[in-house]
Every structure is written in structure tokens, then in C-alpha cells.
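Worksheet for the structure shown next.
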Amino acid sequence: MDELRDLYQEVILDHNKNPKNYFQMDEPTHSAEGHNPLCGDQVEIFLKVENDKIIDISFQGHGCAISKAASSVMTSILKGKSIAEAKYLFEKYQHLVTADINEAVNVDEYGHLAVFAGVREFPMRVKCASLSWHTLLQALENKTEMVTTE
């Protein structure tokens, strides 16, 4: 787990400093806003969906390093995926970040998401790490209410 913890810190720092897909998309087909009042994180997710496939995805907002990195990694992974695949990955990710700290992480199963297993060590940060994913679901379901982690 030490190796995964080191990678977690490296990924968080890199994606926070150089976030991928960090822009307000022109003419998205879907969008939603999310807020984590505890940490102050705010995120807006933008999607272009055609034939049940995410052809483009981006985000903007501000917040802690974990929130920004999670949004960056999420958008990188979901581009080109179907809506069903995105919802499946949401479920896997939720399990990953909320599972018991002693549960082994199969890196092959989780791929790039595996590094976020490190959030388990900091239960108060799970909301930071999952805000963008909950906001994604809100956007995919075309719901207009702001997502909140409280």
C-alpha cells in the first residue's frame, strides 16, 4: 500500500497543478454544478453526449487538490465511454474510495482510479474525491438541482 500511497500523492499533485480537460465547454448537451460546503469545493461538469456516448467532457471550478485531481482524472477516463460505462465506473469508484482501509486494491481492476484508494485514509476527504462523480451523474440525468455533499 505504500507504493500506492506514494502514487496517490504524486497523481493528486500533478493533476491539481496541471488539470486535464479544465475548461468551460461550448454548447454542452449536459451540464451540472456541485458544491462541497465542508471544504468549499465547487465544480461544474460539461458533457457532449451523442448516441449514449460521452464524446467530450470537461470541468471547471475551484477547490482542494483532491477535488480538482479527481475531476481531472475522471474526465480523462470517461471521454469516449458510454453512459452505461460511466455509471458503472461511478459505482466502482465509490466502492474504491469508501471501502475498508484494509481491503486490498487490485490495480488491474481499477486502472488509473486505483490511486484514489488513498482517500480511504482520510474519511473527511471522500466527499472531496467524489464530488465530481456525483455531479457527473446529475448531468447525465439532466437534473438541474445543484449537487451537494451535505
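The values are calculated or read from the model by the stated rules, or taken from the named source; none is laboratory data. Keep in mind the model is a prediction, meaning the values are calculated, not measured. Here Cβ is always computed from backbone atoms with ideal geometry, including for glycine, and neighbour counts include all displayed protein chains.
Would it be correct to say that residue 85 is farther than 18 Å from residue 46 by Cα and more than 10 Å from the chain's Cα centre (by Cα)?
Here the answer is no, as residue 85 does not meet what is asked.
Taking the options 116, 90, 59, name whichever one is in contact with a helix residue (DSSP H, G or I) (Cβ under 7 Å, 6 or more places away or on another chain) and more than 17 Å from residue 31 (Cα to Cα).
Checking each option against the conditions leaves just 116.
What's the total number of residues in the stretch 92-114 that are in contact (Cβ under 8 Å) with a residue 12 or more places away in the chain, farther than 19 Å from residue 12 by Cα and small (Gly, Ala, Ser)?
Of the residues in the stretch 92-114, 1 are in contact (Cβ under 8 Å) with a residue 12 or more places away in the chain, farther than 19 Å from residue 12 by Cα and small (Gly, Ala, Ser).
Quick check, is residue 90 more than 29 Å from residue 50 (Cβ to Cβ) and either surrounded by fewer than 20 Cβ atoms within 10 Å (Cβ to Cβ) or not acidic (Asp, Glu) (or both)?
Here the answer is no, as residue 90 does not meet what is asked.
Please verify whether residue 20 is at pLDDT 95 or above, under 15 Å from the mean Cα position of the chain (by Cα) and among the basic types (Lys, Arg), treating the condition exactly as stated.
yes
With the condition being modelled with pLDDT of 90 or more and touching a Ser or Thr at 6+ places or on another chain (Cβ under 9 Å), I'd like the helices (runs of 4 or more DSSP H) fully within the stretch 67-150 carrying at least 2 qualifying residues.
Here the list reads 83-98, 126-140.
Test residue 76 against the stated conditions and say whether it is buried (at least 21 other Cβ atoms within 10 Å of the Cβ), closer than 17 Å to residue 19 by Cβ, in contact (Cβ under 8 Å) with a residue 12 or more places away in the chain and polar (S, T, N, Q).
no
Would you mind telling me which numbered condition in (1) out of contact with any Phe, Trp or Tyr (no Cβ under 8 Å at 6 or more places or on another chain); (2) buried (at least 18 other Cβ atoms within 10 Å of the Cβ) residue 46 fails?
Residue 46 satisfies every listed condition except (1).
Here is a check on your reading of the model: is residue 6 free of Cβ contacts under 8 Å to residues at least 40 places away in the same chain, loosely packed, with under 14 Cβ neighbours inside 10 Å and either hydrophobic (A, V, I, L, M, F, W, C) or not in a helix (DSSP H, G or I) (or both)?
The answer is no for residue 6.
Go through (1) at pLDDT 95 or above; (2) within 20 Å of residue 148 (Cβ to Cβ); (3) among the polar types (S, T, N, Q) and name the single condition residue 58 misses.
(2)
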